[in-house]
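A short write-up of the structure that comes next.
Each value in this text was obtained by applying a stated rule to the coordinates, not by laboratory testing. Because the structure is predicted, anything quoted here is derived from the model rather than measured. Glycine also receives a Cβ, built like all others from the backbone with ideal geometry; neighbour counts cover every protein chain displayed.
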Amino acid sequence: MRHKRLLSALVVIALAGPVPSAFVLAQTPVAPPAAPPVAQVPAPVPQPPAQPALEPRIVRPKDVTVISGSRFRVGNDRYQVFGVRTPRPRGGQCVMERLRGRQSRSALRRILSRGEIRIAPTGQVNAFGDKLARVSVDGYSVRRRLIDARAALPRRGEGFNPWCISLRRPPG
């Protein structure tokens, strides 16, 4: 396996073309300057493109379309409530997960319809390409409201499905 990696690394180097090494640069004679240099203005250093500011966005409830228990869309942008785990209303692994998924979707719809929605992206993206964001409605955390309504669980990185009894990890 080591030889395959070495061989692929050599192929990449060969395809990249000749690379001047420090040895070759050290042997190249350097010509002394013919005339004293005229005051040169340093060339502007190219700046990397600026990241779009992750500023909070404030939207009205009628501009929001709920996708699932923690995901929603505003225009062409899709967001997921940061820090919660909700059951899936469509692709659930069992009947109970799909049932609870529909309940959590309606809970999110109800919570987001209560007032002015403030969306603060965290800069992270989930597996579906949705932006993770801290969301609040009239100053109250949507994450906290979903958990209090028993429509979601705090995200802790469990590797099992808490909504399907037969798929839960056995204790111990």
> Of Gly92, Gly75, which residue is over 17 Å from Ser113 (Cα atoms) and among the small types (Gly, Ala, Ser)?
Replying inline: Gly92
>> Which numbered condition in (1) without any contact (Cβ under 8 Å) to a residue 40 or more places away in the chain; (2) surrounded by 14 or more Cβ atoms within 10 Å (Cβ to Cβ); (3) basic (Lys, Arg) is the only one that Lys62 fails?
In response: (2)
> Taking segment 119-157 as the region of interest, how many residues are in a loop (DSSP other than H, G, I, E, B) and either under 19 Å from the mean Cα position of the chain (by Cα) or at positive phi (or both)?
Replying inline: 11
> Which pairs have Cβ atoms under 7 Å, sit 6 or more apart or on different chains, and link a residue in segment 80-98 that is at positive phi to one that is part of a helix (DSSP H, G or I) and among the charged types (D, E, K, R)?
Replying inline: Gly83/Arg143
